[in-house]
4 protein chains.
Amino acid sequence: MQVALVGVTGYSGMVLYQLLKQHPQVDGIHLYGHADAPAVPLKTVATMYQKETAVIRPFDAAAIMHDNAMVFFATSAGITCQLALPFIAAHFPVIDLSGDFRLRDPQQYQHWYQRTPAPVTALAQASYGLADMPSPLTTYIANPGCYATATLLGLAPLVQQQLIEPTSIVVDAKSGLSGAGKRATTASHYVTVNDNVSLYKLNQHQHIPEMMQQLQQWWPTIPAIEFTTTLIPVTRGIMATIYAKAKQPLTTAQVRDAFMTTYHEQPFVQVLPTGMPTIKDVIGSNNCALGVNYNPVTNTVVVVSVIDNLMKGAAGQAIQNFNRYFDFAVTTGLPTLPVFP
Amino acid sequence: MQVALVGVTGYSGMVLYQLLKQHPQVDGIHLYGHADAPAVPLKTVATMYQKETAVIRPFDAAAIMHDNAMVFFATSAGITCQLALPFIAAHFPVIDLSGDFRLRDPQQYQHWYQRTPAPVTALAQASYGLADMPSPLTTYIANPGCYATATLLGLAPLVQQQLIEPTSIVVDAKSGLSGAGKRATTASHYVTVNDNVSLYKLNQHQHIPEMMQQLQQWWPTIPAIEFTTTLIPVTRGIMATIYAKAKQPLTTAQVRDAFMTTYHEQPFVQVLPTGMPTIKDVIGSNNCALGVNYNPVTNTVVVVSVIDNLMKGAAGQAIQNFNRYFDFAVTTGLPTLPVFP
Amino acid sequence: MQVALVGVTGYSGMVLYQLLKQHPQVDGIHLYGHADAPAVPLKTVATMYQKETAVIRPFDAAAIMHDNAMVFFATSAGITCQLALPFIAAHFPVIDLSGDFRLRDPQQYQHWYQRTPAPVTALAQASYGLADMPSPLTTYIANPGCYATATLLGLAPLVQQQLIEPTSIVVDAKSGLSGAGKRATTASHYVTVNDNVSLYKLNQHQHIPEMMQQLQQWWPTIPAIEFTTTLIPVTRGIMATIYAKAKQPLTTAQVRDAFMTTYHEQPFVQVLPTGMPTIKDVIGSNNCALGVNYNPVTNTVVVVSVIDNLMKGAAGQAIQNFNRYFDFAVTTGLPTLPVFP
Amino acid sequence: MQVALVGVTGYSGMVLYQLLKQHPQVDGIHLYGHADAPAVPLKTVATMYQKETAVIRPFDAAAIMHDNAMVFFATSAGITCQLALPFIAAHFPVIDLSGDFRLRDPQQYQHWYQRTPAPVTALAQASYGLADMPSPLTTYIANPGCYATATLLGLAPLVQQQLIEPTSIVVDAKSGLSGAGKRATTASHYVTVNDNVSLYKLNQHQHIPEMMQQLQQWWPTIPAIEFTTTLIPVTRGIMATIYAKAKQPLTTAQVRDAFMTTYHEQPFVQVLPTGMPTIKDVIGSNNCALGVNYNPVTNTVVVVSVIDNLMKGAAGQAIQNFNRYFDFAVTTGLPTLPVFP
């Protein structure tokens, strides 16, 4: 099978290329960049590609559809809402790692992304590919955001089984720097980040609406969540620490059972029998590890959800959706062990 | 003035020694170690002390009281509850950086520290030296814990002015490795910590009871707080991210005003006019920086409190209490600017 | 094919297990630990093994040979010189990641490792498996040390083609913490390592004799090399910066040509056309990247050689030797792209 | 005494401001920025300056000379060669932290800095302020570069006492990111730097000519040095590892004696009696720590020289020169203990 990848030079695109290279069902990868940029050999992009022979060609929707069985967009927000329409019109399969097609409501997109949304009829054809909570896929798969994935997988059992007070959810999410992309700014300067932690986009992170859209689909009663994002001095990894008041007294074992019920068939989700996961338990793998606790003194459930933001939170989940779409075994070409140490 | 320091080899003791060396009111520092260990020159303890001439002598309470105006204990839990009684009996001034005399209730100490507490009559003579919320000091000053300092300074205005729901407090605290001490374990191994974050002592951290003791003194209605501790890959620094439901709708400006009211006279407390502080804003200084936010969508107040755990959270606050005890200007010998970058 | 792995709990063993799991020619992996320790499920060893079903069984040479086609020893120095003799006697294939069989001369082993060497007749049956400078393999393959691999690959063209003054070689090698193993000591404590660099084992590193043994085999005239090791605050990675005086004036292009001549057929060796490699160019891959420069002002050749110490420097090279031994394609099951970012 | 500081917003300027604030001889600090930028309160520049009342005023040479006893320039290369002439004309004391007045030969400056040099008559009035190798100061003090300071202090005894082969010097210098300044680029992005090391400006670093100028003043026979710079993932700190062939066989003790002879009266230079220093032994202090070794197998002297690039390598040495110029005790206002841990 031949596949297309648009946007190989960003972090998600780089990881997607690594994964596609070792995927046993993928025979060839065609790379595409800006429509008006000249073709450029991949090996000139970074030292690590020294021996790669692939070439990044100018974007060309017709050529992509002619030569490939699927296209992956690992592009920034604002690109696929401009480029995706021909693929949608042709019912050509797309996995879109950006946020452009995650929100059903174009006004929400407008509000949170401060950009012009895709047409509502196009948005309606996209499916939200939260791969470890499988629901039917359409030909246009909106791959979830990294924070959204970690948070939704940590909340799903509590919300679907209505174990918590719907107004009480607090998510203190921590993320490494690769989540913020390659742009060089004062905020991403080593001296700013090293030995430091900092909050950003307080109550303004663009993953909030996609989490709310999914949570309210599971349990319409949830009005909102308190969600903060803290930058931590690591390259990869997200930890979402989730707090919620229990609806009625529980035990840690009962919370764990609720999670096991939801996830016992999911090969990439690890509900820990004891203790809390660290991000290195999953970095380099496509796993989500979940630890749970109930504190009877405060009647609070604490869930810790960890993922590799570039794997489960981006490229890994994209491959998982690729496997699901083509009915390959879901773990095909995806590591279930972290790159440790 | 001559002062004594017991326990110079731990991280807090090292920083205390640095601060005492440059304190204009301190003419000499006498160092003491274990009672049954031989005297050892400080310069043999670490390369950085190459040119220091001080000697660590065996602990001797009588000698300490004879030669010094005050003694600092930078010792681990379980030491001063054994060694401090002669000083208390003699009304000799002590600043104790350990947790042994912070809890009024010996049963609480027994429960949280799993050690034999000091006699209740001795505990009664100690004062809790939360230096930026000044209250009268006795001759035995129990210097607060690092997490407790960051959290209490972040909660004080909200609690004292009863702006929040007393059952809704969640504290997601992050700390660097120096907070966990010098012991070499798998948990403190570089490979375990680097590129990682992990929770520890979930609902079991020994600073919880000292926070509750202080919070309930301010507002007895508060039943408990949900408090988690996350280890982050930095050497120094604590960030406490505090969440609480507002009792009634507020604005961010109102929350900030409440903080200004409490802290406008405190030279080391910085209430930010906008944004949230990062830990590097305070590392190396004796400051606590506070950022506040009110989210109307969730009716939640978020406070971010950052300190250097070895300065404001240990040695710096000890010097501040030393200044307070002897009526020196409170900023004497204490940096108000961070060591940045 | 079934293979045995002795010592899965060390860093090299962990990585070897990851690689064997995804190797297309390996159908099953049998794990072995200490002969006198009870069997223990792998999933109890670390959170990341949560879903693994493998069991670590007590070491049993006969069972290993009966059930497997090969055995990997990822054990510390001093183990295989005790355990390997039955395998040698039976001509059963072994890949030994430790240093026990790298030195032909038992007295050198005694001197540098301060341990009792294997018998000289056993040592004589081992081959030194520097996989990217292929030479014939015996059934007992001594996998090279991490520093030795980086240094030898950086020096081979210069030494084999006698381009440099043989007495002028200086190697300033830098390594991450995983190279020093899992033992928790003051030296491996996060606070000691973070924001720091330090030299260790100055002129005493045990990889020096295996480098000299190989270099003198290539060019007996080389009397010794100046070799220092500096610990850098990273988890994985070695950079060897190599300096040598040119025998006669050269150009950078000439030096690069010499390297291309040596390595143009090696799939894992990347001679850069320009610039110098960084360790992240290779981390997670089995590659060695080499940058070269000639400074006419000082008549000095500078070579920078980078590897992932746990891949090319240990487990990756072991798999490469496994592929060579069984005549699989040399890149089978081995990543040629780094895990980046 | 009132002093002026031009360029407080760079890293060196920030540290200089911290040091001047706590200097007992400094009563007031006047800050200056670009001549054509409006005045701006320091507290708006960074959160850490929240409580500072200073204002950064437009540069004005006449006002600076009228209001202050000295001016510090913590500006980038290319600024003082334009701004300094009035101060030189007026014989007004200047400490210049940039490289503009370090090289006597304007052509060297042109070549290495790729900028227009100051007039040769102006250059002639500057003195090179290598403070721990004291030589007479003029009113215009060119503060040495960070790499130059670490390297020259590590080489001085060997060169002045002619213990080494003059053509054999190799310096493998490692530096943290603050040495490269605040500019946000791909090279300074956290993801690029974290877990990585990389060489830069190979044989092209602009501190090379100032080292050669000084070394040849000490011993004209030295033709050149091989000098490489490697970026390490730390914020502060330089380690220069220096290699040279001994002229005739030595012992480590003899090398150490040579260093003691040179430095025994210098309060900031620590010649270690054993072992090698790490950068954390000096970070936050104005010290230079030196470890020495002689390897008889290769007839090589190894010296390890560590400094804090922003203290001894910039602001600390500037204060030391300030103390020397005004005949204050040389340690006035300067920490001799590191900020550890």
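The values are calculated or read from the model by the stated rules, or taken from the named source; none is laboratory data. Source: prediction; values computed, not measured. Methodologically, a virtual Cβ is constructed for each residue, glycine included, from the backbone with ideal geometry; neighbour enumeration extends over all protein chains shown. Only protein heavy atoms, including side chains, enter the accessible area calculation; ligands, DNA and RNA are left aside. Shrake-Rupley method; radii C 1.70, N 1.55, O 1.52, S 1.80 Å.
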Worksheet item: From the Cα gyration tensor of region D:198-341, with a ≥ b ≥ c the square roots of its eigenvalues, which class applies: rounded if a/c is under 1.5, or else prolate if a/b is larger than b/c, or else oblate?
Response: rounded
Worksheet entry | For chain D, calculated [θ]222 nm from helices alone, where every DSSP H run of n ≥ 4 adds -39500 (n - 2.57) | -7500 deg cm²/dmol
Worksheet, complete the sentence: Residue-normalised value, i.e. accessible area per residue, for region B:147-309 at 1.4 Å probe, in Å², stands at 28 Å²
Discussion item. List, by residue number, every residue in region A:173-212 with a reduction of 40 Å² or greater in accessible area between the chain on its own and the complete protein assembly, 1.4 Å probe.
Written reply: A:LYS174, A:ALA184, A:HIS189, A:TYR190, A:VAL191, A:ASN194, A:ASP195, A:ASN196, A:VAL197, A:LEU199, A:LEU202, A:ASN203
Worksheet item: Where the centroid of each part is defined by its Cα atoms, how far is region C:19-42 from region C:231-293 in Å?
Response: 34 Å
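How many partner chain Cβ atoms sit within 10 Å of a residue's Cβ in peptide A:237-245, on average, as a whole number?
Working: counts 3, 1, 5, 0, 8, 0, 6, 1, 4.
Across the residues of A:237-245, the mean count of other-chain Cβ atoms within 10 Å is 3.
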Discussion item. Am I reading the A/C interface right? What is its buried accessible area, both sides, 1.4 Å probe, to the nearest 100 Å²?
Written reply: 2800 Å²
Item to complete: Find every distance from the label point of B:THR121 to the corresponding label point in the other copies (7 Å from Cα along Cα→Cβ) and write them in nm, one decimal, shortest first.
Response: 8.1, 8.7, 9.0
Discussion item. Considering the Cα positions of region C:1-108, please state its Rg to one decimal place and its Dmax as a whole number of Å.
Written reply: 13.8, 46
Worksheet item: Which percent of the accessible area of the protein assembly as shown is formed by carbon and sulfur heavy atoms (probe 1.4 angstrom)?
Response: 53 percent
Discussion item. Straight-line reach only, C-alpha to C-alpha below 15 angstrom: list the aspartates and glutamates that D:LYS51 could link to, leaving out same-chain residues fewer than 8 apart.
Written reply: B:GLU265, B:ASP281
Item to complete: On a 0 to 90° scale, report how tilted helix D:11-21 is relative to the longest principal axis of chain D, with both axes built from alpha carbons and the result rounded to the nearest 10.
Response: 70 degrees
Fill in: Copies compared at A:THR9 - label distances in nm, ascending, label defined 7 Å from Cα in the Cβ direction
2.9, 4.8, 5.6
Worksheet entry | Cβ-vector label at 7 Å, D:LEU85, separations to other copies in nm | 6.2, 8.0, 8.6
Discussion item. Tell me the accessible surface of C:TYR17 in square angstrom (1.4 angstrom probe, heavy atoms of protein chains only), to the nearest ten.
Written reply: 10 Å²
Worksheet item: Treating the beta-carbon of each Lys and Arg as +1 and of each Asp and Glu as -1, no other charges, what is the dipole magnitude of chain B about its Cα centre, to the nearest 20 debye?
Response: 420 debye
Worksheet entry | Unit charges at the beta carbon, dipole of region B:147-309: most positive-side option, B:TYR263, B:TYR294, B:SER178 | B:SER178
Worksheet item: Any idea what angle helix B:252-263 forms with the longest principal axis of chain B, computed on alpha-carbon atoms, 0 to 90 degrees, nearest 10?
Response: 30 degrees
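Restricting the count to DSSP beta bridges whose residues both fall in region C:31-136, what percent are antiparallel, rounded to a multiple of 5? Could you put the intermediate results ahead of the total?
Values: 2 of 8 bridges.
Given both bridge residues lie in region C:31-136, the antiparallel proportion sits at roughly 25 percent.
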Worksheet entry | Global geometry of region A:71-188, whether rounded, prolate or oblate, following the gyration tensor of its Cα atoms and the 1.5 cut on a/c | oblate
Fill in: At 1.306 mPa s and 10 °C, Stokes diffusion of chain C via Kirkwood alpha-carbon radius, µm² per second
77 µm²/s
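Please report the orientation-averaged projected area of region D:65-124, defined via the convex hull of its C-alpha atoms, in nm². Numbers along the way, then the final one.
Details: hull surface 15.2 nm².
Reported value for the Cα convex hull: 3.8 nm².
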Worksheet entry | Per the axis that maps chain A onto chain B, nearest residue of A (Cβ criterion) and its distance in Å | A:ASP172, 2
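Could you work out the Rg to Rh ratio of region C:114-177, with Rh taken as the Kirkwood radius (inverse of the mean 1/r over all Cα pairs)? Don't skip to the answer; put the middle values down first.
Values: Rg = 14.7 Å, Rh = 14.2 Å.
For region C:114-177, the value is 1.03.
To the nearest 20 debye, what charge dipole does region C:147-309 have about its Cα centre, counting +1 at the Cβ of each Lys and Arg and -1 at the Cβ of each Asp and Glu? All intermediate terms of the calculation are to be shown ahead of the outcome.
Values: 9 positive and 9 negative charges, 52 e Å.
So the magnitude is around 260 debye.
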Worksheet item: Once you charge only the Cβ atoms, +1 for Lys and Arg and -1 for Asp and Glu, what is the size of the charge dipole of the protein assembly as shown about its Cα centre, to the nearest 20 debye?
Response: 0 debye
Practice prompt. State which entries of A:LYS201/C:LYS21; B:LYS201/B:LYS280; C:LYS174/D:LYS247 exceed 31 angstrom in Cα-Cα distance in the structure shown.
Written response: A:LYS201/C:LYS21
Worksheet entry | Calculated over the protein assembly as shown: convex hull of Cα atoms, volume per residue (Å³) | 177 Å³
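Let me confirm one metric for peptide A:40-50, namely the mean number of other chain beta-carbon atoms within 10 Å of its residues' beta-carbons. Display every interim value, and only then the final one.
Details: counts 0, 0, 0, 1, 1, 0, 4, 15, 16, 5, 10.
Shielding by partners across A:40-50 averages 5.
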Worksheet item: Against the longest principal axis of chain C, how steep is helix C:316-325, in degrees 0 to 90 to the nearest 10, with axes from Cα atoms?
Response: 80 degrees
Item to complete: Let me know the mean shielding of A:227-233 by other chains, meaning the per-residue number of their Cβ atoms within 10 Å of its Cβ.
Response: 6
Worksheet item: To the nearest 10 square angstrom, what accessible area does B:ASP327 show with a 1.4 Å probe?
Response: 140 Å²
Item to complete: Heavy atoms only, probe 1.4 angstrom, no DNA, RNA or ligands counted: give me B:THR331, C:THR278 ranked by accessible area, highest first.
Response: B:THR331, C:THR278
